[in-house]
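Below: one structure, written as structure tokens.
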Amino acid sequence: MSTSNLFTAFLTRYPAGAAILYVGVVMAFAITAWTTVAEILQRRDAVAATASVLSQLEAAVRRLLVAGARMPIRSRLGRRSLTAGP
């Protein structure tokens, strides 16, 4: 007998076992879907928080540039600075 025949014979002989197995598989899929949705919502909240921080930083940089401050920035080539205006 092959493995599938043994499995079919077992489930035919014990229908309660088949029902329990079915409920277990459905619950596993439901838990997987639930955790996936929860993770997507957490990532969406993290992106929103990051966007908020970025907009605050951009606003601060704009205020400093309007005030004429020198803004040092680092690049791969070394240190450089930007100035506002001509």
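Each reported figure results from applying straightforward, stated rules to the coordinates on display, with no laboratory input. Just so we're clear, the structure is a prediction, and the values are computed from it rather than from any experiment.
Each residue of region 20-36 is assigned a 3J(HN,Hα), and the resulting list reads 5, 4, 4, 4, x, 5, 4, 5, 4, 5, 5, 5, 4, 5, 4, 5, 5 Hz, derived from the Karplus form 6.51 cos²θ - 1.76 cosθ + 1.60 (θ = phi - 60°), x at Gly and Pro.
Full extension of the chain between VAL53 and VAL26 gives 5.6 nm of extra length, using 0.36 nm per residue less the Cα-Cα distance.
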